[in-house]
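Some notes on the structure that comes next.
The values are calculated or read from the model by the stated rules, or taken from the named source; none is laboratory data. All figures in this text were calculated on a predicted structure; none of them were measured in a lab. Virtual Cβ from ideal backbone geometry, glycine too; neighbours counted across all protein chains shown.
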Amino acid sequence: MRVALFYSPRLLIERLAEISLQRRRLRRLRGSVGAGLRGAHLDSLELLELAHLVVPRIIYDIGSNVGTWTLLAKSLYSTAEIHGFEPLGWHCKEYLRATFALEGVVLHQVALGSMHGQFDMQVPNQSDSSSLLPLARASEEVFNLRFDKSIPVTVERLDEYVEKKHLPLPDLIKLDVQGFECEVLNGGMLALQHAKAIITEVSFKEFYKGQCRFDQLVTLLAQSGFFLYAFGMRTAVGRPLDQCDVLFLKSAVGS
């Protein structure tokens, strides 16, 4: 523990609260497939716990990266069927390596949006922040992201892909698509109508040029009967917001 903490009661209390939260999370995951997860990989835990209200049997992990969120979801809902959607090949290899022993997990190597076609994925120096949108200035200022390369990927409309692959419709949709949330949902309105809960990363600054803003996402989801139910535990309080995780529930569920 840093010596400076003992000269700042506020910092010490905040640090102790953070340690307490981490320990509670680890106790919750003890003995589960997500027991090895740490840090930011646990940030959706409390929102996933609240999602028990919808009894999620089918879960879509859109923007599944290397599978850490799928492991977290499987830790709480071991019998759920999870479909991961991830376009980048090296992420898919890591996803399959992380989830190979789990039943009811299917990976789809595809990006999702409102239009079908081949598009360039913009890959920065931290590839988990890859997006179909170009980086804006705030990405470098806040997260030290810099453009690295472009990778051509196949983009599908979710509803068309679900029909083509005969996938079950979701009860819970998780979105981590770096500013492309509205595009994904506009291509998946049937899936959205069936879903009862959405867990998504939201941005309060423009980290990607032309990205979906928080107010736009709230409006879009409200039109489909969703309302904001809870913010993630690490949401900033008393200072400007950058990004956070949010849980939306369908109105009939949360009433």
Checking residue 225 against (1) at pLDDT 95 or above; (2) surrounded by 17 or more Cβ atoms within 10 Å (Cβ to Cβ), the condition it does not meet:
(2)
Does the range 131-166 hold any residues that are of a type in the set (Lys, Arg) and over 19 Å from the mean Cα position of the chain (by Cα), and which are they?
137, 146, 149, 164, 165
Which members of the range 110-130 meet the condition of being surrounded by fewer than 19 Cβ atoms within 10 Å (Cβ to Cβ), of a type outside the set (Ser, Thr, Tyr) and touching a residue at least 40 places away in the same chain (Cβ under 8 Å)?
110, 115, 116, 128
Step by step: first the residues of the range 61-83, then only those that are closer than 15 Å to residue 98 by Cα, in contact with a strand residue (DSSP E or B) (Cβ under 8 Å, 6 or more places away or on another chain) and not basic (Lys, Arg), then the one that is surrounded by the fewest Cβ atoms within 10 Å (Cβ to Cβ). Which residue is that?
83
Requiring at least 2 residues that are touching a Phe, Trp or Tyr at 6+ places or on another chain (Cβ under 6 Å) and on the phi < 0 side of the Ramachandran plot, the helices (runs of 4 or more DSSP H) wholly within the range 168-247 are 214-223
